[in-house]
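Since the structure comes first, as structure tokens, the remarks are kept for the end.
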Amino acid sequence: MKPRKQHVLLLWLLVCSGVTGAIEPISTTIAVGMAATLTAFLASYPNIFNYFHECCRPELNASVDLENKLFGQHIASRIILKAVNGFMSNSNPKKPLVLSLHGWTGTGKNFVSQLIAENIYREGMDSSFVHVFTSTLHFPHKSQIDTYKSQLQQWIKGNITNCERSMFIFDEMDKMHPGLIDSIKPYLDYYERLDGVSYRKAIFIFLSNTGGDSIIQTALDFWQAGRNREEIELKDLETSLSLSVFNNKQGGFFQTSLIDKNLVDFFVPFLPLEYQHVVQCAMAEMKARGLQPRREIADMVAKDLVYFPKSERVFSVKGCKTIESKLDYYT
């Protein structure tokens, strides 16, 4: 007899929820029966994995591999490793994890978000539980900010109701309309539940170019003083970074209660990249393409970029952002 779709859906839900592990010992007869039912159903519905391909049971598979993949960002690597590992190992966090990543373009902010997703969710950035909002795409019109606020609240509530370990990435925070992000402030606070929903196990990541100028100035100050960039510490940047973000009238964090109420766990600075880091990016990209990494090609790519200050050519203006297109030309 052909199995009923709702029966196997129930079986799938039991597996995803972990309930099957709680009904031990399970007899061999039942186990074989369940396997036979599932096999028969999959044969009848070959596209079922398009609908039920991922369970809401994300966990940190391994330490986020930042130190070997993120170049020139010793501060960001250290903060994010500790923050994400600590949060995911906590079965009862008091609030969601909120990270705000700042720095010029091409320094690794989006790349870090991708690495976090790949280490927590089986499908990585394609996971049903990873949600990306881009300000200029999803919230383009200032006149509709009230509508956006309502939609944003409903999107977050609905997705966390579906999976409490969801991750939300907000790109281009420096282009977001001021006041919009405050609409989700309650979801980032220390509430145990809001309307029956707990938001404490979610991750919120904000990406912004705001504060990049103050980060660059600090890096320049250290370089001009003859100090190693690895000597730069979070304390050298954190205060000026949070103030510049909070007081930027054009950005989404302008005088936001998220900062005023200390709901952002870490303001993470991304330093401007030097020549050596661009070379590392080029070598890594060649390896990712299945090519033998060649230093002479990496050097050609790195030399082709624009650096500042103009006379000394210390920091890459676009970081590693154009590496892929440059490699297409040189390989």
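The values are calculated or read from the model by the stated rules, or taken from the named source; none is laboratory data. Quick caveat: nothing in here was measured; it's all calculated off a predicted structure. When we count neighbours, we look across all protein chains shown, and the Cβ atoms used for this are built from the backbone with ideal geometry, even at glycine. Accessible surface areas use protein heavy atoms only, side chains included; no ligands, DNA or RNA. Shrake-Rupley method; radii C 1.70, N 1.55, O 1.52, S 1.80 Å.
Evaluated at q = 0.13 Å⁻¹, a Debye calculation over the C-alpha positions of region 74-270 (equal weights, vacuum) places log10 I(q)/I(0) at -0.69.
In square angstrom, what is the accessible area per residue of region 275-328 with a 1.4 angstrom probe?
On the way: 3150 Å² over 54 residues.
I get 58 Å² per residue for region 275-328.
Just the accessible area per residue of region 74-270, please: how many Å² with a 1.4 Å probe?
Working: 8720 Å² over 197 residues.
It amounts to 44 Å² per residue over region 74-270.
A straight line joining the Cα centroids of region 81-123 and region 183-257 runs 14 Å. Under 5 Å between amide hydrogens, built in the peptide plane, is the criterion, and for residue 319 it picks out 273 among residues at least 5 positions away or on other chains. Remark: the residue 54-residue 230 segment gains 59.3 nm on full extension, using 0.36 nm per residue and subtracting the alpha carbon distance. Treating r as the C-beta distance of residue 262 and residue 69 and R0 as 41 Å, the FRET efficiency rounds to 0.85. Each peptide in 278-284, 176-182, 157-163 was scored by the mean count of other Cβ atoms within 10 Å over its residues; highest first, the order is 278-284, 176-182, 157-163.
Of the solvent-accessible surface of region 275-328, computed with a 1.4 Å probe and all protein chains present, 51% belongs to carbon and sulfur. Extension gain, residue 147-residue 331: 0.36 nm per intervening residue step, less the Cα-Cα distance, totals 61.5 nm.
Report the FRET efficiency, 1/(1 + (r/R0)^6), for residue 126 and residue 318, where r is their Cβ-Cβ distance and R0 is 25 Å, rounded to 0.05.
That gives a FRET efficiency of 0.40.
A simple spin-label model places pseudo-atoms 7 Å from Cα toward Cβ; at residue 191 and residue 247 they are separated by 3.2 nm. For residue 258, the shell of other residues with beta-carbons less than 10 Å away shows a net charge of -1, using +1 for Lys and Arg and -1 for Asp and Glu.
What the phi angles of region 195-204 give under the Karplus curve with 6.51, -1.76 and 1.60, with θ = phi - 60°, is a coupling list of 6, x, 10, 9, 9, 5, 9, 7, 10, 10 Hz, glycine and proline written as x.
Seen from all directions on average, region 193-326 presents a Cα convex hull projection of 11.8 nm². Taking amide H as placed 1.01 Å from N in the peptide plane, the amide H of residue 206 sits under 5 Å from that of 99, 100, 101, 170, each at least 5 places away or on another chain.
Couplings 3J(HN,Hα) for region 176-193, derived from phi with the Karplus relation 6.51 cos²θ - 1.76 cosθ + 1.60 (θ = phi - 60°), are 6, 5, x, x, 5, 5, 5, 5, 9, 3, x, 6, 9, 8, 8, 6, 5, 8 Hz, where x marks Gly and Pro. Here region 275-328 was treated as a single set of alpha-carbon atoms; its pair distances binned every 10 Å from 0 give 28, 55, 15, 2 percent.
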